[in-house]
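Below: the structure, in structure tokens.
The values are calculated or read from the model by the stated rules, or taken from the named source; none is laboratory data. As the structure is a prediction and not an experimental result, all values here were calculated from the model. With ideal geometry, Cβ positions are generated from the backbone for all residues, glycine too; neighbour counts draw on all protein chains shown. With ligands, DNA and RNA removed, areas are computed over all heavy atoms of the protein, side chains included. Shrake-Rupley method; radii C 1.70, N 1.55, O 1.52, S 1.80 Å.
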Amino acid sequence: MKHILLIITAILTLCISCKGKGSVSVSNDPSHDSIAAIDDNRPFEFLKKLGIEYESLIAKDDSLPAPSDRDFLLTTHEQCSLLRGIITPDFAPSDTASAYLVAVRQINDNVILCQYKYLFSDAEDVYIATYDTDGHLIDAMFAGNDWDKSELAYNLTDSTELVSVDHTLVYFIGDHEFTYNHEYKEIEHNVNTDKDTTTYSQMASMTCNINPNGKIDITMEDGSEDGAFRLCSDCKKEWKLMNAILSLSRYPYSDNKVLDRWDDLGNRVDASSSESFDYHFFKYVFLPQPEKVLKWVYDNRDYKSLSLTMPLGFYYTYTPQSRKIIDEAIARLDNPAMQAYYEEMTELWITND
């Protein structure tokens, strides 16, 4: 079972790694420089002020492009200006990762959308963010890993391979409305005849509306499934839980109900999926908005299950770096009662480690 779950984890790109690759120079002072007001109300001018030649990055089709080797590599200064609040509130570039601007798109006279890829280790995270015309971040969402990925799962016979395929598409159905579609397929490939046969497919879709103020709302969610899941016929529950984890990871940061959904999901995860739950919640929910998470946990301490303390407790004792991140978030809280509460919690996490 452990081997099978590792296969599923790889298919869903649940890569748990702190090391990475890429080449980004880090300055001694990666402080955030404010972006001056634009001239003549030109929506992309703030990008030009950062030194980004954005013209070739404007998405002219109805869909956002898949990340490629033609994307614009962001410098340290550009990353500090654009990615804070998306990766972490006080984001500073790392020499083990690299960030790229993939595409930009005008939503209305006051809002533009930027698409990024963030490379670390063997993973490629994709983010979507909205800004006002002064370059201030409005909203963001994690948009999945590796938009186009195909890999060998295992050999069925000497002449037949089982190949897994992941494909993500963000398609605009209007100036300010788009669908996010993630498709997973299992394909039997005959190496002798070069014939492919799809044996299983799954589609997860959500429709999002970008409001005039730049906030992103989910207006509809849908999904479909066809065929027999081959990788693990006796672990369908774990498969569904992992898909639920991935789905919640892609919610807009401004969503007011997402933490309630994470709490509900946390009550349903078991030992086999708890590691993926902790990783995705910590990386894609807590790290971008730590104060929001800490406040929610505190406000719901008396009548919720507090399942969201599980990933915090795990990462508090995981590495010195992750402990420092949590301690710094607690120190930024402006409520003495909340700080006292988390002082007790951190002592418990250390004691129970």
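Brief remarks follow.
- Counting charges near Asn209 (Lys, Arg +1; Asp, Glu -1) among other residues having Cβ under 11 Å from its Cβ returns a value of -2.
- Farthest toward the positive end of the dipole of segment 238-334, out of Leu306, Ser273, Phe286, is the Cα of Phe286, where the dipole comes from beta carbon charges about the Cα centre.
- Exposure ranking of Ser201, Ser56 by accessible area [1.4 Å probe, largest first]: Ser56, Ser201
- Solvent-accessible area per residue for segment 215-350 (1.4 angstrom probe, square angstrom): 48
- Legend: residue pairs Lys48/Lys324; Lys240/Lys283; Lys185/Lys292; Lys49/Lys117; Lys240/Lys292, Cα-Cα distance threshold 30 Å; pairs beyond threshold, Lys48/Lys324; Lys185/Lys292.
- Apportionment of accessible area to carbon and sulfur, the chain, percent (1.4 Å): 48
- Ellipsoid semi-axes for segment 64-139, based on the Cα gyration tensor and the rule √(5λ), read 20, 15, 10 Å when sorted largest first.
- Tail fraction, Cα-Cα pairs, the chain, threshold 40 Å, whole percent: 15
- Cα gyration tensor category, rounded, prolate or oblate, for segment 228-306 with a/c compared to 1.5: prolate
- Here is the size of segment 48-89 from its Cα atoms: Rg then Dmax, 12.0, 31 Å.
- Net dipole in debye of the chain [+1 Lys, Arg Cβ; -1 Asp, Glu Cβ; about Cα centre; nearest 20]: 500
- Cα-based shape type of segment 177-291, given that a ≥ b ≥ c are square roots of the gyration tensor eigenvalues and the cut on a/c is 1.5: oblate
- On the basis of the beta-carbon distance and an R0 of 25 Å, Asp158 and Asp222 show a calculated FRET efficiency of 0.05.
- Amide H contacts of Gln106 (H built 1.01 Å from N, under 5 Å, at least 5 apart or other chain): Leu113
- Using alpha carbons only, the radius of gyration of segment 52-189 set against its Kirkwood radius gives Rg/Rh = 1.04.
- Scaling the Cα radius of gyration of segment 159-223 by the globular reference 2.2 N^0.38 Å produces a ratio of 1.57.
- The mean sequence separation of alpha-carbon pairs under 8 Å and at least six residues apart, normalised by the residue count of segment 150-248, gives a relative contact order of 18 percent.
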